[in-house]
Every structure is written in C-alpha cells, then in structure tokens.
Amino acid sequence: MNSVPIGLGVALPSRCITNTELPKELNTSDDWIIQRTGIHQRYVAGDGETTASLSTEAARKALANAKIHPQDVDLVVLGTTTGDYTFPATAVIVQKNLGISKGAAFDISAACSGFVFALDVADSYIKLGKARCALVIGADTYSRIVDWSDRSTCVLFGDGAGALVIQAQEAQNRGLMSCSIHSDGNYSRCLLTSGGVSTTGSAGSIKMFGQEVFKFAVEKFCESLTEQLINNHMTIDDVDLLIPHQANSRIIQKLIEISGIDEKKVLINISKYANTSAASIPLALNDVRNAFFSGGNTMLLSMGAGFTWGSALIRL
Ligand code: UT7
C-alpha cells in the first residue's frame with residue numbers, strides 16, 4: 001500500500017504587505033530585505049482569519065481538487081505552531097468545519113518542518129492500514145507571534161495554509177516513495193518563542209540566531225537530499241522538481257550550488273509569500289501544481305525550529 005497525493009489546495013489571507021509598506025519605525029529597507037532574503041511581500045492574517053480558517057479553506061480546495069467527499073477522510077494531520085487555541089487541536093476545528101465526524105484529527109508541532117512531519121505521520125498510518133484517506137495540512141499565522149518592533153525577525157514571516165489529500169492505493173512505484181524526519185533538541189534555543197503556556201502563560205514572540213539557523217539549514221538540506229537520493233537509488237539528475245522550505249533565497253542558492261542540481265528544477269517563491277513556516281512547502285507545491293501532478297520525481301526538504309528537518313520523495 002502506498003500513499004498517493006490526489007489533491008492540493010492553498011489559502012492566503014486577503015491582506016498583502018510589501019516591503020515598502022512596512023512601518024517606517026522598523027528602520028529597514030526594501031533593498032536590505034530583498035538582498036538578504038529574497039522577500040518582496042508577505043500575506044498577513046486580518047480579523048476573522050486564523051490558522052483554522054485558512055486551513056479549512058485550503059482543505060476544501062484540496063478535497064474538491066481530489067474529488068473526495070469530506071466524509072471519506074479518516075485522518076487529519078495538521079502541522080502548525082500557531083494553533084487557534086491551546087486546545088483543542090486546530091485539526092479538530094478543521095475537521096468540524098469540513099463536516100467530518102469520524103477518524104482522528106490532531107496537530108503536529110515541528111515549526112517550519114510541520115508539513116513534512118505531518119506527511120510522514122499520515123503516510124505511516126496509511127502504510128499500517130490505519131487510514132485510507134488523509135488530509136495533510138501545513139498552516140501558520142506567524143504574524144501573530146512576531147515582535148513587530150524587531151526588524152531582524154518580523155520582516156521574514158508571512159501567513160498561509162496548504163493541504164494535500166493522500167490516499168491509500170495499491171501502487172508500487174507511485175506516490176510517497178520515502179519520507180524521513182529528524183530532530184535535535186540541542187539546538188532548541190537557536191530559534192524559539194520567548195514564552196509558552198507552561199512557562200510564561202502566553203505565546204511569546206519569535207527569537208532567532210539567524211546565522212546559526214542559516215548554516216544549519218544549508219547543511220541539513222544537503223544531507224537530506226543525499227539521504228533521499230540514496231534511499232531511492234537516484235542521482236541528482238533524476239530529480240524533476242525540488243521544493244525546499246522557503247526561509248531565505250540565499251539558503252536555497254547555496255543548496256543549488258552544493259548539490260549541483262539544475263536550478264530550473266528548484267522552486268523559489270519566497271519573494272511572494274516570505275517564510276510561511278509549515279505552509280511554505282504546500283504553497284510552493286501549488287505554484288508548480290501542473291508539473292507536480294503531471295508526473296516525475298518531486299523532492300521536498302524542510303528545516304525548522306527544534307531543530308527539526310525532514311525530506312520526502314514523491315513520484316507521480
Ligand atoms: O524557517 C526557519 C528557519 N529560518 C531561517 O532559516 C532564517 C535563517 N537566517 C537568515 O535567513 C538570515 O540569517 C537573516 C535573514 C535572518 C539575517 O541575515 P544575515 O545576513 O545573517 O544578517 P545579520 O543577522 O548578520 O545582520 C546583518 C546586519 C546587522 O547590522 P550590523 O550589526 O551589521 O550593523 C543587522 O542589525 O543587518 C541588520 N539587520 C537589518 N537591517 C535592515 C537585521 N535585520 C535587518 C532588517 N533591515 N530587517
């Protein structure tokens with residue numbers, strides 16, 4: 001049994017803020033942001049827009065694209081670190097919004113690696129025969145947890161959601177061919193929030209040692225890519241699409257340089273959405289959805305707070 005992607009949907013908040021529209025008091029510039037990160041704009045959640053509402057919209061589109069009735073979904077796994085409530089899980093709110101009343105729904109906390117971690121968990125349920133049709137969602141609203149007076153972090157993030165429907169199919173050489181997830185808590189203080197429910201009683205705001213994260217991301221992207229190529233007896237030339245987490249275009253350029261992959265195969269869309277954390281990979285997949293669904297080998301690479309990192313090879 002293999003997990004085969006059959007539908008994809010995304011959602012963005014209605015408000016878009018370009019670099020030049022950022023508050024003057026931040027003392028930043030369009031040039032600095034573009035040169036150091038590749039970001040031109042980001043979408044920011046407004047009143048009534050939450051991680052659950054964006055996830056629900058993305059999931060509805062993914063189900064319509066897959067031609068699957070919500071009641072046929074028996075698992076919802078949602079990667080997020082900006083849930084609507086401390087509890088219940090945002091996944092159960094999405095489940096309710098979609099009218100699903102069976103199976104299981106839960107959140108996965110792996111920051112920017114949330115989508116790949118959720119995919120790995122859902123795939124394992126399918127391979128074990130414990131689920132037949134899963135909604136895998138990556139969604140975050142980091143605009144709600146950035147410190148809007150800290151120029152070194154607030155310019156980097158945006159909000160969004162993406163959902164992928166995966167279905168159990170008797171397919172040997174098609175679908176999610178392999179997926180790996182990793183974490184190393186020794187790096188937990190390089191990228192974290194300044195608070196939490198059990199410490200300060202509030203969500204806190206994002207704190208980051210940017211250069212440490214940058215170096216680690218390059219290293220783990222390269223390592224994960226090699227791991228997947230070995231697992232699947234492939235060379236870099238066999239990869240048709242490479243979808244790395246979008247944290248900084250310079251991180252992705254380093255990956256291209258080191259791996260030797262043809263850069264036309266690598267998706268870089270950070271200019272449009274900034275770093276949307278767990279939503280970044282499904283938003284990127286959506287930007288090349290025709291190429292993704294029309295066949296070939298698509299590699300996903302993620303890295304986030306924890307540190308966490310993960311990768312997946314999808315063959316369609
Ligand atoms: O998804 C989770 C993973 N996150 C990441 O992967 C992020 C990884 N890190 C990065 O992308 C980069 O490290 C940053 C974009 C966060 C920072 O870029 P950098 O080239 O490492 O800059 P820096 O932190 O070394 O700062 C260089 C200068 C500093 O000024 P001085 O000390 O040289 O005078 C900063 O204060 O740039 C200054 N600076 C800014 N200037 C204008 C920092 N942020 C800004 C800003 N606008 N927004």
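The values are calculated or read from the model by the stated rules, or taken from the named source; none is laboratory data. In this text, all values refer to a predicted model and were calculated from it rather than measured experimentally. Cβ atoms come from the backbone with ideal geometry, glycine included; neighbour counts cover every protein chain shown.
Structure notes:
- Residue within the range 51-73 that is part of a loop (DSSP other than H, G, I, E, B) and in contact with a helix residue (DSSP H, G or I) (Cβ under 7 Å, 6 or more places away or on another chain) present: no
- Of all residues in the range 259-281, those satisfying the criterion of being under 20 Å from the mean Cα position of the chain (by Cα) and in a loop (DSSP other than H, G, I, E, B) are Leu267, Ile268, Asn269, Ala274, Thr276.
- Filtering the range 16-34 to residues that are of a type outside the set (S, T, N, Q) and either within 20 Å of the chain's Cα centre (by Cα) or at positive phi (or both) leaves only Cys16.
- Against the conditions (1) among the hydrophobic types (A, V, I, L, M, F, W, C); (2) part of a loop (DSSP other than H, G, I, E, B); (3) under 29 Å from Glu49 (Cα atoms), Ala171 satisfies every one except (3).
- Cβ-Cβ contacts under 9 Å between residues 6 or more apart (or on different chains), taken from a first residue in the range 146-173 that is closer than 30 Å to Ile34 by Cβ and aromatic (Phe, Trp, Tyr) to a second residue that is within 12 Å of the ligand (Cβ to nearest atom) and not in a loop (DSSP other than H, G, I, E, B), are listed as Trp148/Leu26; Trp148/Cys154; Phe157/Asp140; Phe157/Tyr142; Phe157/Ile206; Phe157/Asn275; Phe157/Ser277.
- Comparison of Ser183, Ser194, Ser202, Ser178 shows that the only residue that is closer than 19 Å to Asp84 by Cβ and modelled with pLDDT of 95 or more is Ser202.
- Cβ-Cβ under 9 Å pairs, at least 6 apart or on other chains, the range 18-30 side in contact (Cβ under 8 Å) with a residue 60 or more places away in the chain, far side part of a loop (DSSP other than H, G, I, E, B) and within 7 Å of the ligand (Cβ to nearest atom): Asn19/Thr28; Asn19/Ser29; Asn19/Val155; Leu22/Thr28; Leu22/Val155; Leu26/Val155; Thr28/Val155
Residue by residue, here is whether (1) within 26 Å of Leu191 (Cα to Cα); (2) of a type in the set (Val, Ile, Thr); (3) at pLDDT 95 or above; (4) buried (at least 23 other Cβ atoms within 10 Å of the Cβ) holds:
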position	(1), (2), (3), (4)
Phe221	yes, no, yes, yes
Asn232	no, no, yes, no
Ile243	yes, yes, yes, yes
Glu257	yes, no, yes, no
Thr276	yes, yes, yes, yes
Asp287	no, no, yes, no
Met299	yes, no, yes, yes
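- Those residues of the range 1-43 which are within 16 Å of the ligand (Cβ to nearest atom), β-branched (Val, Ile, Thr) and under 24 Å from Ala217 (Cβ atoms), in sequence order: Thr28, Ile33, Ile34, Thr37, Ile39
- Residue pairs meeting the criteria (Cβ under 7 Å; at least 6 apart or on separate chains; first near the ligand (Cβ under 6 Å from one of its atoms), in the range 208-222; second at pLDDT 95 or above): Gly210/Ser152; Val213/Cys190; Val213/Leu191; Phe214/Asn248; Phe214/Ile251; Ala217/Ala247; Ala217/Ile251; Ala217/Met303
- Residue that is nearest to the chain's Cα centre (by Cα) [pool: residues in the range 124-153 that are crowded, with 22+ Cβ neighbours inside 10 Å and within 16 Å of the ligand (Cβ to nearest atom)]: Gly138
Yes/no per residue for (1) in the same structural domain as Leu301 (by TED's automatic domain parsing); (2) under 21 Å from the mean Cα position of the chain (by Cα); (3) within 22 Å of Phe115 (Cα to Cα):
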residue: His182; (1), (2), (3): yes, yes, yes
residue: Cys190; (1), (2), (3): yes, yes, yes
residue: Gly201; (1), (2), (3): yes, no, no
residue: Lys220; (1), (2), (3): yes, yes, yes
residue: Asp237; (1), (2), (3): yes, no, no
residue: Leu241; (1), (2), (3): yes, yes, yes
residue: Lys254; (1), (2), (3): yes, yes, no
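- Candidate set: the range 239-295, residues that are among the acidic types (Asp, Glu) and under 19 Å from Ala217 (Cα atoms); chosen: the one nearest to the ligand (Cβ to nearest atom): Glu257
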